[in-house]
Amino acid sequence: MSCPDCLTGDILPGEPTGAFSSQGAYFAPAPGNSSKSKRAILLLTDAFGLSLKNSKILADKLAAELRCDVWVPDYFEGRPLANLDSMFLLPDRAGVKMTLFKWFRFILAMIPKLPAAYSSRPAVVDARLSKASSIL
């Protein structure tokens, strides 16, 4: 069973306070530290990537609560696999079968995302994540 926000998406309240680093990652520093923290978290996003502010707000909250640096790499390089606009094409709950027409609409909506999916294949993303983890 799904919640109402599964189809509409839910944006967390607040605004991100961190910043993008020159390494292509969102950086949420530990509070009160002017230098790098001795601990860090590498937070990975979902298919929405960093286009939604939720991952950035979550990184800021983790940095504040755990008092450590949080890095969120943009391993989709600004081209996430999904966006909120395509969520209406999915069934509203588990176990619901999609009609042939809905499958057709879903496939048509995903065709423009094929280049992003190809450029985010595992071999490419692994290299990007290795680069991001070297920051730590």
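The values are calculated or read from the model by the stated rules, or taken from the named source; none is laboratory data. Quick caveat: nothing in here was measured; it's all calculated off a predicted structure. Cβ coordinates were reconstructed from backbone atoms using ideal geometry, including for glycine residues, and neighbour counts include every protein chain displayed. Areas reflect the complete protein model, heavy atoms only, side chains present, ligands, DNA and RNA absent. Shrake-Rupley method; radii C 1.70, N 1.55, O 1.52, S 1.80 Å.
In the range 32-65, the residue that is most open to solvent (accessible area, probe 1.4 Å) out of those that are of a type in the set (Lys, Arg) and at pLDDT below 90 is 38. Taking first residues from the range 99-127 that are over 21 Å from residue 50 (Cα atoms) and partners that are open to solvent by 60 Å² or more (accessible area, probe 1.4 Å) and modelled with pLDDT under 90, the Cβ contacts under 8 Å between residues at least 6 apart in sequence or on separate chains come to 106/90. Taken together, the residues in the range 71-93 that are within 11 Å of the chain's Cα centre (by Cα), of a type in the set (Phe, Trp, Tyr) and open to solvent by 20 Å² or more (accessible area, probe 1.4 Å) amount to 1.
Of the numbered criteria (1) under 17 Å from the mean Cα position of the chain (by Cα); (2) surrounded by 17 or more Cβ atoms within 10 Å (Cβ to Cβ); (3) free of Cβ contacts under 8 Å to residues at least 60 places away in the same chain, the one residue 68 fails is (1).
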